[in-house]
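A.B. asks: Questions regarding the structure given below will be posed in turn.
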Amino acid sequence: MAARQRVARVAFLNTRDLASGFLPILALSALLLMSLYLMGAATQNSAEFGRLYIVLLAVNIIGVITLAVLITANCARLVRQYRARAVGSRLTVRLLGIFVTLALLPGVVVYYFSLDFIARGIDSWFDVRFERALDDALELSRISLDERKREYMRRTDQIADALSFTPADRAATTLSDMRAQYDAYELTLIGASGHINAFSSANSLAILPHLPPEVVLRQVRQGSDYVGVDSIDSSGLYVRVVRALPVQHPVEETRLLQALYPVSSHIGVLADSIEEASSSYRQLVFLRDPLKNSFLLTLSLVLLLSLLTAVWAAFFLARRLVAPIRVLALGTRAVAAGDYDRQLPQHSQDEMGFLVQSFNDMTRRLAQARDETLVSQHQAEGERAYLRAVLGRLSSGVITIDRRRVIRTANHAAGQILGIDVRAYVSKPLATLGSDHEHLAQFVEAVRARLSGIEDWREEIIIQGPSGRCILMCGGASLADTEYQGGGNVLVFEDITALVQAQRDAAWGEVARRLAHEIKNPLTPIRLSAERLRHKYLRGMAPGDAEILDRSTHTIVQQVQVMEEMVKAFSEYARTPQLRLQPIDLHAFVEEVLDLYRGGSSQVNFVTEFEPGLPRVDVDPGRMRQLLHNLIKNALEAAPSDQDCVISIRASLLTMDSGTRMLEMRVHDNGPGLPVDMFGRFFEPYVTTKHKGNGLGLAIVKKIVEEHGGSVSAENAPEGGAVIVIKFALNADSMRAPPSGAAAEGSAQSADAAAAAGARTLSSRYSGRQE
């Protein structure tokens, strides 16, 4: 989201910079160009030059400085961006260098030759030949005009001589005649007091003559004639001649004669042109060096303005060209960071616009592909979680193996069944299980032999683990080879040791029941027949024969008793009595049973350790006494002959991983321990390591524990001796009231009596063995 806002902000800033920077700079450049034009025009007019040139120069210098400051600020910002490695800064620098170089080189060349051209051109304006020709033309016009003035003066003298003899009353007529005779425009006769005596004009509409200025009249009265070229109103140039008339009589007043002779208009134009050219040339000569400096300064300002404008245009164009690339670069970074929803603004329809549109199409497709991938991934994760949950709750072990015989997955049940953490071997070869754990070598070899086939298989495999023999029902199948999964095999196995043991127990129970039934029936007649023979014939027989009969019948009766005990044991193992559960204090109950074995002549040491605060447990007291007697009997029989028998009984409270609370009781002797090759078979009927005995003691213990919903196992202690571990589940809802009635009391009393008798027998046997 932050990357998207950054791209949008960059696009907005670029647009804003282009809009806000282009128009003011363009307006400033137009203003400077206009002022430069006015400054150049001012150089052509000396009056305007002095009035406007300095102001316009100051305006141009201020504008150029402003433009330079703006360009300097842009350069400083570009330097900061370049040092910060901003996107597009290096391309901007390269484009700026190219544009400035392209603008600078031609401008410098043109500037150099322009300076030389201006200097040579201005110097050529002031050539000596031009100045001499202009002076000659001016002198020629003056000579021509003076010649014309002398001619008009001569005519005026002739007119004055003629008028001096003309009476006053005929003066007007004579003026008219003389004007026409001498081609004068106007003749005026002025009296001494300045009043007009008579005048004649070529303009018939003229009412008054064109009198000369008072200065001219004063000059003529003083005795100096006047001749000059004057402009009369708007009718053109005229040669004005003013002189005094000759006086014929001393008393006669002095009169003045003014004659106006028209000058040809062409001559006037030429004279004005020569005069104006001469005046302009004089001004140019005066302004020669300032003009040259002004031209050079104007050219320099034009060049500087052009270069600065070119630099700014380079900034403008570089930013305009780099802006889409910068936006594309930021968008590419956003896509690389995983933002596939990026859409860039498109400001043009050219190639860059097409590139931006292609980028937007690409990100749109990427976003669509990402969404589809996420949906597929979520579905796959859901299916995987579902499969993991199913596998985690299966009681069967499941292991998947790829084609390279490498373990890919394993559930929790697989580790429980094999007795190791199988999930620690994920991504490791299957053979590692056999090399790290010897008891799994047979399992691994059997599985590897089956993995080469493509058909489903099923086989029973027996392994010898630390806790004894374990029977596994294994099955395997090939996995499909898909695009994402490289095939392999799936291995499913289940621990059927308990099932097989239950089947064997059921079979042995049926065998024991039938044996007890079949053997019990003939035992009584055999024993009675032997006793009858002994009673009837023993007294009447010879001593030798009597001894043989006595020994033979005694042997028969003794063996019948042994058979009866065996039948009783079979019956105990085969029958399934109805339990009468009641909560008991296990510590007090065990101490009560052990008291039956204390105080005798046997050297038996009992060690009891019970965790404080143990809860009461629901058991059948009679069956529980039988369990303890069988365990103590086995411990006494397994005790070594060269040292005292030590039996330890410990009880503690356990909390399993599932949260179930268990009461654990451990019975430990100091015998030689259990043979490793018989692990897992000790609780089967007729399995024993003793020379005497029927092998039903531990089988009955297992049957009693399972009747109470518990479990029993055997192990060897590290310090020596065998340990029988019994676990009972604790459930507060299963608490029942203590049993009542004679049946319960009779059962308990008979169990105690039998236990007491067995304890005395075992004690006496152990004492005799010690002696």
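A.B. asks: Going by average Cβ density within 10 Å per residue, which order do the peptides 372-382, 321-331 take, highest to lowest?
C.D. replies: Those peptides, ordered most packed to least, come out 321-331, 372-382.
A.B. asks: While we're here: Once amide H atoms are built 1.01 Å from N in the peptide plane, which residues 5 or more positions from residue 197, or in another chain, come under 5 Å H to H?
C.D. replies: When sequence neighbours closer than 5 places are left aside, the close amide H contacts are 189, 190, 191.
A.B. asks: Taking θ as phi - 60°, what are the ³J(HN,Hα) couplings along the range 550-566 by the Karplus curve (6.51, -1.76, 1.60), each to the nearest whole Hz, with x for Gly and Pro?
C.D. replies: Those phi angles translate into 4, 5, 5, 5, 4, 5, 4, 5, 5, 5, 5, 5, 4, 5, 5, 5, 5 Hz.
A.B. asks: Any idea what the dipole of the range 369-479 comes to, in debye rounded to 20, about its Cα centre with Lys/Arg Cβ at +1 and Asp/Glu Cβ at -1?
C.D. replies: Using Cβ point charges on Lys, Arg, Asp and Glu, the range 369-479 gives about 120 debye.
A.B. asks: Would you kindly derive the ³J(HN,Hα) couplings of the range 216-222 from the backbone phi angles with the Karplus curve 6.51 cos²θ - 1.76 cosθ + 1.60 (θ = phi - 60°), listing them in order in whole Hz, with x for Gly and Pro?
C.D. replies: 5, 4, 5, 5, 6, 5, 7
A.B. asks: Give the accessible area for residue 221 in Å² (nearest 10); use a 1.4 Å probe, count only protein heavy atoms, and leave out ligands, DNA and RNA.
C.D. replies: Surface accessible to solvent at residue 221 totals approximately 110 Å².
A.B. asks: Taking H as built 1.01 Å from N, whose amide H comes closer than 5 Å to the amide H of residue 608, not counting residues under 5 places away?
C.D. replies: 649
A.B. asks: Taking just the C-alpha trace of the range 336-469, give me its Rg and Dmax in Å.
C.D. replies: 25.2, 82
A.B. asks: Can you run phi through the Karplus equation (6.51, -1.76, 1.60; θ = phi - 60°) for the range 608-621 and list ³J(HN,Hα) in whole Hz, with x for Gly and Pro?
C.D. replies: Rounded to whole hertz, the list is 10, 9, 10, 5, x, x, 5, x, 6, 10, 7, 9, 8, x.
A.B. asks: Continuing with the same structure: Would you please give the residues with an amide H less than 5 Å from that of residue 681, counting only those at least 5 places away or on a separate chain, with H modeled from the backbone geometry?
C.D. replies: 469
The values are calculated or read from the model by the stated rules, or taken from the named source; none is laboratory data. Treat the numbers as computed from the prediction; the structure is a model and nothing was measured. All Cβ positions, even for glycine, are placed from backbone atoms using ideal geometry, and neighbour counts span all protein chains on display. These area figures cover heavy atoms from the full protein model, side chains too; ligands, DNA and RNA do not enter into them. Shrake-Rupley method; radii C 1.70, N 1.55, O 1.52, S 1.80 Å.
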